[in-house]
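First the structure, in the form of structure tokens, and then the observations on it.
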Amino acid sequence: MPTNLSVQLAPKHPKGLRLANPVMTASGTFGYGTEASHLFDIQKLGAIVCKGTTLEPREGNPQPRIMETAGGMLNSIGLQNIGVDALIREKAPIWAKWRVPVIVNIAGKTVKEYAKVASKLEAVAGVSAIEVNISCPNVKEGGAEFGAHPRCAAQVTAAVKAATSLPVIVKLTPNTTDIAQVAKAVAEAGADAISLINTLKGMAIDIYKRRPLLGSVTGGLSGPAIKPVALYMVYEVAQAVEVPVIGCGGIATARDAIEFIVAGATAIQVGTASFNNPRAPLDVLEGIEKFMQQEGIEDITELISAAQQRTA
Ligand SMILES: Cc1cc2nc3c(=O)[nH]c(=O)nc-3n(C[C@H](O)[C@H](O)[C@H](O)COP(=O)(O)O)c2cc1C
């Protein structure tokens with residue numbers, strides 16, 4: 001039985017953002033896509049989201065910046081990256097030859113900086129869309145994450161939308177009181193799609209040195225430990241907004257991915273699982289296809305939000 005896995009992530013955008021299937025990589029866990037291209041056929045994936053990119057190159061946070069936790073990991077990479085100009089020069093020409101769309105994840109310290117990075121990516125061959133990471137400290141407003149407040153989140157979204165003609169996905173932080181309110185504000189400000197969740201703020205302590213284990217004291221928790229939180233937030237946000245939702249957080253298997261799709265996600269991202277198994281995104285895709293065959297599901301859209309209809 002032929003199965004249709006194709007999804008549209010920006011239905012209201014003039015260019016649209018059609019993926020061959022709903023499996024994407026999560027930013028910061030799959031480099032620029034080039035690193036894994038010899039391990040498996042990455043062209044089979046729905047989309048590659050590259051690591052967070054800023055206006056200037058960044059060295060990142062002091063070491064140590066990664067540690068394992070129960071059911072997950074803590075990271076405090078601090079957006080180490082080559083900067084947007086080098087990305088355009090060195091990475092985009094490679095992506096332009098790929099079949100799989102590449103989405104550039106962007107970050108900034110100010111609203112202006114986000115807009116500047118977005119404008120530099122305008123009309124760059126090889127870049128299909130922008131994902132805006134709003135889990136960054138808002139320097140002008142005392143360091144709270146942009147995504148923690150609906151107003152700040154909307155400001156960044158509107159500025160990026162005004163700076164680009166590419167589809168814009170806004171990636172929400174779970175470190176906020178009411179994520180559905182932030183999602184609504186971002187959708188009203190023009191986001192074409194919403195992805196969630198980024199990492200949950202956490203920390204670890206070295207009891208012998210009697211000090212925090214991570215060089216920058218706090219970090220972001222990811223992996224299986226956060227899956228139930230992410231699933232709940234995707235379910236909430238999918239009910240609050242009309243735009244497509246992309247689910248992320250602890251997805252390691254096809255079953256995990258299908259849970260997010262049934263909860264309301266149009267597409268999903270595989271993150272930390274790729275550190276354990278670099279083929280994880282492809283394994284997830286093959287597992288979704290197998291499940292659809294077994295269950296007699298011809299089109300992936302039949303699965304999207306199925307749980308919402310049952311609980312309405
Ligand atoms: C090492 C590492 C680096 C990350 N870097 C970024 C980043 O640059 N931009 C971003 O939006 N999210 C970043 N994330 C968050 C992931 O994309 C993802 O939202 C989060 O890890 C939850 O998914 P997971 O549990 O499947 O990893 C990073 C996560 C990890 C573990």
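Take residues that are more than 14 Å from the ligand (Cβ to nearest atom) and tell me which of the helices (runs of 4 or more DSSP H) falling wholly in the stretch 200-282 contain 2 or more. Spell out the reasoning first.
Details: elements: 227-240, 254-263, 273-276.
Answer list for the stretch 200-282: 227-240, 254-263.
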Tell me which residues, restricted to the stretch 17-28, are surrounded by fewer than 21 Cβ atoms within 10 Å (Cβ to Cβ) and either closer than 25 Å to Ser135 by Cα or charged (D, E, K, R) (or both). Arg18
Boolean, Ala92 is modelled with pLDDT under 95, farther than 30 Å from Gly296 by Cβ and among the aliphatic types (A, V, I, L, M): no
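Take Ala193 and decide whether it is buried (at least 19 other Cβ atoms within 10 Å of the Cβ), in contact (Cβ under 8 Å) with a residue 40 or more places away in the chain and out of contact with any strand residue (DSSP E or B) (no Cβ under 7 Å at 6 or more places or on another chain).
Answer is no for this residue.
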Residues of the stretch 278-303 satisfying the condition of being hydrophobic (A, V, I, L, M, F, W, C), within 16 Å of Ala265 (Cβ to Cβ) and touching a residue at least 60 places away in the same chain (Cβ under 8 Å): Val284, Leu285, Ile288, Met292, Ile297, Ile300
Which condition number does Gly126 fail, the rest of (1) within 28 Å of Gly249 (Cβ to Cβ); (2) within 16 Å of the ligand (Cβ to nearest atom); (3) free of Cβ contacts under 8 Å to residues at least 60 places away in the same chain being met? (2)
Among the numbered conditions (1) within 18 Å of Asn105 (Cβ to Cβ); (2) open to solvent by 60 Å² or more (accessible area, probe 1.4 Å), tell me where Lys51 comes up short. (2)
For the stretch 29-48, which residues satisfy the criterion of being modelled with pLDDT under 95 and either touching a strand residue (DSSP E or B) at 6+ places or on another chain (Cβ under 9 Å) or surrounded by 21 or more Cβ atoms within 10 Å (Cβ to Cβ) (or both)? Ala36
It is to be established whether one or more residues within the stretch 256-266 are open to solvent by 30 Å² or more (accessible area, probe 1.4 Å) and within 17 Å of Val7 (Cβ to Cβ). yes
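The values are calculated or read from the model by the stated rules, or taken from the named source; none is laboratory data. Note that the structure is a prediction, hence the values are computed from the model and not measured. Quick reminder, even Gly has a Cβ in these numbers, built from the backbone with ideal geometry, and neighbours come from all protein chains shown. For accessibility, only protein heavy atoms count, side chains too; no ligands or nucleic acids. Shrake-Rupley method; radii C 1.70, N 1.55, O 1.52, S 1.80 Å.
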